[in-house]
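A short write-up of the structure that comes next.
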Amino acid sequence: MKEYNVRRHNDNKHKAKFENLTGELRQNKIKHFLTSLSSQQNIFKSQNTRNEASVRASYVVAEMLAKNNRPFTDIEFFEKCMLAVTNEVCPEKIKLFEEISLSTRTCVRRTEELGNNLFSQLKDIIPSLDCFSIAIDESTDISDTAQLLIFIRGIDKEFNIYEELADMCSIKGTTTGEDIFKNIENSFEKLGLSLKKLISITTDGGKNMSDIHKGFFGRIKTKMIDNKFELLMVFHCIIHQETLCCKVLAWKNVMDTVISTINYMRKNGLAHRQFQQFLEEIEAEYGDVIYFTEVRWLSRGAALKRFFTLREEINIFMNEKDKNVPQLSDKKWILDLAFLTDMTTFLNELNVKLQGKEKLLPDMYSDIKSFTNPFVVDIDDVESCLQMEIIELQSDECLKTAFRDCNNLIQFYPSLCETKFSKIKYFAKKMLTIFGSTYICEQTFSLMKYRKSKYASRLTDGHLNAVLRISTPKIKPAINTLVDAIQTQKSH
């Protein structure tokens, strides 16, 4: 405001009232006005802060519900519990909690906004990635919609690795290689992903994925060739391969006896109760046997291990039931059972090691082979473009010491000089982005089947996408940004 305008306003409106106030009286009056103004401003600031806190709280609760796979309607039950506890513990503050909007409609809206925010953050990260790989898998939900999951693992200049759900594509019709290719192409376009930076693709090896003519691989390979991009690497999930190896160990003479005996003891309620009571009375190591299910990766080894441990107790129980199992008294058959139990137990332990989020290919490879060391690799086995840098790397004693002292490869490779080892560093980035398995897809499908169940089959594809995006991120939602972007008013 200009001084002239303020003076004119004072002379016209306030001069007669305050012209007698001079000296100290005038100064005290000015201080009183300033204090009064500050007090009024603090009232508005306090109210605004309370409103922002209420909105922020509604986002936090919506995020917690999504991460714990709870229905949107649970937020209303949560509100009742919160108000009941507040009324008992600090009733004088219940008004503050009543101002938090926790209706089902608000929860749905907050979940959508959180999902969109995570998508926007991922989209902002994409340009900084030097290269990336994807893991894709497809499964059918409770409403028979084919859901295609696309996970991305990318790495930037500083060797920061990002592993996020890129997209969930809902396919209502066929799921041919062409359908999958079109959906993935659309997802890449939405995120701004370039095929030029795509290093590898990992899938479960299904025909619609891996067929070189009509499958997804055939179509994306053609696209890469047409654009003269570097051909990408294609991987079959290492956990699926390990599971296929397990199936080679069929040992029908052992498995048929084990499965039929377990089924007898568990298919009948009375026999099952009697068997459990028998084990309890003799204080056996375990209280029951385990079912074997072909589609569950670890069930064969778990069922065999439990059966082998309880083999003597099972033999006694079956004889008492006049269901003699002669194999349980055959030493040769017992040796076969012991061998198969040891082998499947070892394979189960390997399977578990290969699982997990952010599991890097070199780590998975070292679980199968005993080394992943650039200092012992044979120069002749290395691509010609890398050989000179590998020779220089292996001849540097300081770098050998640094490698031994490093906890992992992600710490070692960024420390290399960019000018001397640029090709090795880029090669390392490509290797670090590769998905060794589709474990993260399988885990997310488990979340999907739990969240979109027969009790919540009407959950829309858009809301399911948002819930899964919130449930599986390394990136955190920017809740403060969302709060600042909306009007902090209580919803209806």
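The values are calculated or read from the model by the stated rules, or taken from the named source; none is laboratory data. On a predicted model such as this, the values are computed, not experimentally measured, just so you know. Heads up, the Cβs are rebuilt from the backbone with ideal geometry, glycines too, and the neighbour counts pull from every protein chain shown. To get the accessible areas, we keep the full protein, side chains included, count just its heavy atoms, and leave off ligands, DNA and RNA. Shrake-Rupley method; radii C 1.70, N 1.55, O 1.52, S 1.80 Å.
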Next item on the list: Might you report the magnitude of the Cβ-based charge dipole of the chain about its Cα centre, with Lys and Arg at +1 and Asp and Glu at -1, to the nearest 20 debye?
Entry: 2360
Note to self: With unit charges on the beta carbons (Lys and Arg positive, Asp and Glu negative) and the dipole taken about the Cα centre of the chain, which residue among N465, V376, F217 sits farthest to the positive side?
What the structure shows: N465
Notebook entry, point to check: For N186, what charge total do you get from the other residues with a beta carbon under 12 Å from its beta carbon, if Lys and Arg give +1 and Asp and Glu give -1?
Noted result: -2
Check: Which value in deg cm²/dmol, rounded to the nearest 500, describes the helix-derived mean residue ellipticity at 222 nm for the chain, given -39,500 (n - 2.57) per DSSP H run of n ≥ 4 and division by the residue count?
Finding: -19000 deg cm²/dmol
Next item on the list: Take each of the peptides 196-203, 96-103, 176-183, average the number of other beta-carbon atoms within 10 Å over its residues, and list them starting from the highest.
Entry: 196-203, 176-183, 96-103
Check: Summing +1 for each Lys or Arg and -1 for each Asp or Glu, what net charge is found among the other residues whose Cβ lies under 12 Å from the Cβ of F18?
Finding: +3
Notebook entry, point to check: In terms of the ratio Rg/(2.2 N^0.38 Å) built on C-alpha atoms, what value belongs to segment 137-270?
Noted result: 1.42
Next item on the list: Can you send over the solvent-accessible area of R469, 1.4 Å probe, protein chains only, in Å² to the nearest 10?
Entry: 20
Next item on the list: Please give the net charge around A146, taking every other residue with its beta carbon less than 10 angstrom from that of A146, where Lys and Arg add +1 and Asp and Glu add -1.
Entry: -3
Check: What does the accessible area per residue of segment 84-156 come to in Å², with a 1.4 Å probe and no ligands, DNA or RNA counted?
Finding: 41
Checklist line | Probe 1.4 Å, all protein chains present, accessible-area order of E349, E313, largest first | finding: E349, E313
Checklist line | Amide proton proximity set for C131, modelled H, under 5 Å, gap of 5+ | finding: I155
Note to self: If you count only protein heavy atoms and use a 1.4 Å probe, how large is the accessible surface of I238, to the nearest 10 Å²?
What the structure shows: 30
Next item on the list: Of the options A302, T257, L114, report the single residue whose Cα projects farthest towards the positive end of the charge dipole of the chain (beta-carbon charges: Lys, Arg +1; Asp, Glu -1).
Entry: L114
Note to self: For K430, K321, K474, K157, give me the order by solvent-accessible area with a 1.4 Å probe, most accessible first, ignoring ligands, DNA and RNA.
What the structure shows: K157, K474, K321, K430
Margin query: How large a share of the accessible area of segment 430-490, in percent, is made up of carbon and sulfur atoms when the probe is 1.4 Å and the other protein chains stay in place?
Written below: 51
Notebook entry, point to check: Where a Cα-Cα gap under 25 Å defines reach, which lysines qualify for K2, not counting those fewer than 8 residues away within the same chain?
Noted result: K13, K15, K17, K29, K31
Check: Which order, highest average first, do 51-61, 80-90, 449-459 follow once you tally other Cβ atoms within 10 Å for each residue and take the mean per peptide?
Finding: 51-61, 449-459, 80-90
Next item on the list: Normalising by the residue count of the chain, find the relative contact order in percent from Cα pairs under 8 Å and 6+ residues apart.
Entry: 22
Note to self: Please list, by residue number, everything in segment 128-172 whose backbone N is under 17 Å from a paramagnetic label point 7 Å out along Cα→Cβ of D211.
What the structure shows: 138
Checklist line | Option label - Rg and Dmax of the Cα atoms in Å computed here, alternatives [x] 23.0, 71; [y] 36.0, 131; [z] 32.5, 118 | finding: [z]
Margin query: Applying a 10 Å radius around every beta-carbon, put 12-20, 116-124, 394-402 in order of their mean neighbour count, most first.
Written below: 116-124, 394-402, 12-20
Margin query: Treating only the Cβ of Lys, Arg, Asp and Glu as charged (+1, +1, -1, -1), what charge dipole size does segment 398-492 show about its Cα centre? Round to the nearest 20 debye.
Written below: 200
Next item on the list: Filter the cross-link list K214/K454; K197/K423; K157/K207 down to pairs whose alpha-carbon distance in this structure exceeds 24 Å.
Entry: K214/K454; K157/K207
Next item on the list: Compute the acute angle (0 to 90°) between the alpha-carbon long axis of helix 422-433 and the principal axis of greatest extent of the alpha-carbon atoms of the chain; round to the nearest 10°.
Entry: 80
Margin query: Straight-line reach from K190: which lysines fall under 16 Å, measuring Cα to Cα and dropping same-chain residues less than 8 apart?
Written below: K123, K182
Checklist line | Nearest-ten-degree value, helix 3-13 long axis tilted from longest Cα axis of the chain | finding: 60
Item checked: Reciprocal mean inverse distance between Cα atoms of segment 374-491 - Kirkwood radius, Å -> 19.1
Next item on the list: Could you check how much of the accessible area of segment 56-197 is carbon and sulfur, as a whole percent, using a 1.4 Å probe?
Entry: 53
Item checked: Beta bridges per DSSP with both ends in the chain, % antiparallel, nearest 5 -> 75
Checklist line | At 0.890 mPa s and 25 °C, Stokes D of segment 305-344 from Kirkwood alpha-carbon radius, µm² per second | finding: 234
